[in-house]
Amino acid sequence: MDDLAALMRSLDPSTPVMPIGVGSNLIVRDGGVPGVVVRLPKAMARVSVEGGLIRAGGAAMGITVASAARDAGVGGLEFLRGIPGTVGGAVKMNAGAYGRDTSDILREVTVVTRSGDVKTWPAERLDYSYRHSELPEGAVVVEAVFSGVPDNPQAIGAEMDRIAAEREATQPLRSRTGGSTFKNPPGHKAWALIDAAGCRGLRRNDAQVSEKHCNFLLNLGQATSADIEALGEEVRARVLAHSGVALEWEIQRVGVAA
């Protein structure tokens, strides 16, 4: 953490900084990302349980956090089993699944700011909304504290297994994909709007709308990020024309065009 803070302080203030976790919710444009990209090491992926609170490093995976909570008999974090990303990413974008969001369980977060300061903030400081937080630009989440409720480890494990089985049955987990592509508009499911607009299986070169789950875009082998982003924009246009609903991107599109 101290090394990261020193790095941030040493950078020219005009240099952009972009933290990434495992890239599971990103489209990186073909021209690359300007500035400095920060990815935390495995040493910052530790998870511990203290008095019913789960303390997790920013690089910890969701399944690791959920498993530690299960072993300690802390329920309410099972949904993290269904989020294939890191704690840092989940905190930043208020990741959620199966009726729960990160904002429901987060109690405090420690960040290294773009200026190199180490700050610990209560969850309320992030002013959460659906798939969005007010985490300052360039700030890196290095640790988060979550809370849950006492529960039976076997019951927690059974719910985690149910989530895993449902994901396997309904999502293209074995394909090259950036995950859920568009936010669910109020009162709608994005996948259903995409399906109703005739986009299931729609292709642009090697980019394709998944036939298994319409809210996933796939790279069939040689798709560029431009292909994938253009396909997403075509989906948005077709859904708007069909239903009048403007889909918003959930995947973060970063970098510059080739």
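The range 57-108 and the range 123-169 have Cα centres lying 3 Å from one another.
Given the C-alpha atoms of the range 73-201, compute the convex hull and give its volume per residue in Å³.
Working: hull volume 17.4 nm³, N = 129.
Hull volume normalised by residue count: 135 Å³.
In this structure Met61 has an accessible area near 60 Å², from a 1.4 Å probe over the protein heavy atoms.
Peptides 212-219, 227-234: what's the order by average Cβ count within 10 Å, highest mean first?
On the way: 212-219: 22.0, 227-234: 19.2.
In decreasing order of mean packing, 212-219, 227-234 become 212-219, 227-234.
Going by accessible surface with a 1.4 Å probe and the largest first, Arg174, Arg81, Arg39 read Arg174, Arg39, Arg81.
When only Cα pairs below 8 angstrom with a gap of at least 6 residues are kept, the range 107-258 shows a relative contact order of 18 percent.
Hey, what's the Cα Rg ratio for the chain versus the globular rule of thumb, 2.2 N^0.38 Å?
Details: Rg = 18.9 Å, N = 258, 2.2 N^0.38 = 18.1 Å.
Dividing the Cα Rg of the chain by 2.2 N^0.38 Å gives 1.04.
Of the residues Asn152, Ile194, Ala164, the one whose Cα sits farthest toward the positive end of the charge dipole of the range 149-258, with +1 on the Cβ of Lys and Arg and -1 on the Cβ of Asp and Glu, is Ile194. Rounded to the nearest Hz, the phi-derived 3J(HN,Hα) couplings of the range 194-209 under the Karplus curve 6.51 cos²θ - 1.76 cosθ + 1.60 (θ = phi - 60°) are 5, 5, 5, 7, x, 9, 4, x, 4, 10, 9, 6, 9, 9, 9, 6, where x marks glycine and proline.
The slack in the chain from Glu124 to Leu240, taken as 0.36 nm per residue of separation less the alpha-carbon distance, amounts to 38.3 nm. About the centre of its Cα atoms, the chain shows a dipole size close to 420 debye [charges on the beta carbon of Lys, Arg (+1) and Asp, Glu (-1) only; nearest 20 debye]. Volume per residue for the range 20-131 equals 119 cubic angstrom (convex hull of Cα atoms).
Here the Karplus relation 6.51 cos²θ - 1.76 cosθ + 1.60, evaluated at θ = phi - 60°, turns the backbone of the range 20-35 into coupling constants of 10, x, 10, x, 7, 9, 10, 10, 9, 5, 5, x, x, 10, x, x Hz, with x for every Gly and Pro.
In Å, what Kirkwood hydrodynamic radius results for the range 109-159 from the alpha-carbon pair distances?
13.1 Å
Hey, which lysines would be in cross-link range of Lys189, C-alpha to C-alpha under 27 Å, not counting anything within fewer than 8 residues on its own chain? List returned: Lys92, Lys212. For the range 253-258, putting each phi into the Karplus relation 6.51 cos²θ - 1.76 cosθ + 1.60 with θ = phi - 60° gives couplings of 9, 10, x, 10, 5, 5 Hz, in residue order, rounded to whole numbers and with x for Gly and Pro.
Placing a label point 7 Å from the Cα of Ala258 along the Cα-to-Cβ direction, the residues of the range 194-213 with a backbone N closer than 18 Å are 204-208.
The values are calculated or read from the model by the stated rules, or taken from the named source; none is laboratory data. For clarity, every value in this text was computed on a predicted model and none was experimentally measured. Note that we place each Cβ from the backbone using ideal geometry, even for glycine, and neighbour counts take in every protein chain shown. Surface areas here come from the heavy atoms of the whole protein model, side chains and all, with no ligands, DNA or RNA. Shrake-Rupley method; radii C 1.70, N 1.55, O 1.52, S 1.80 Å.
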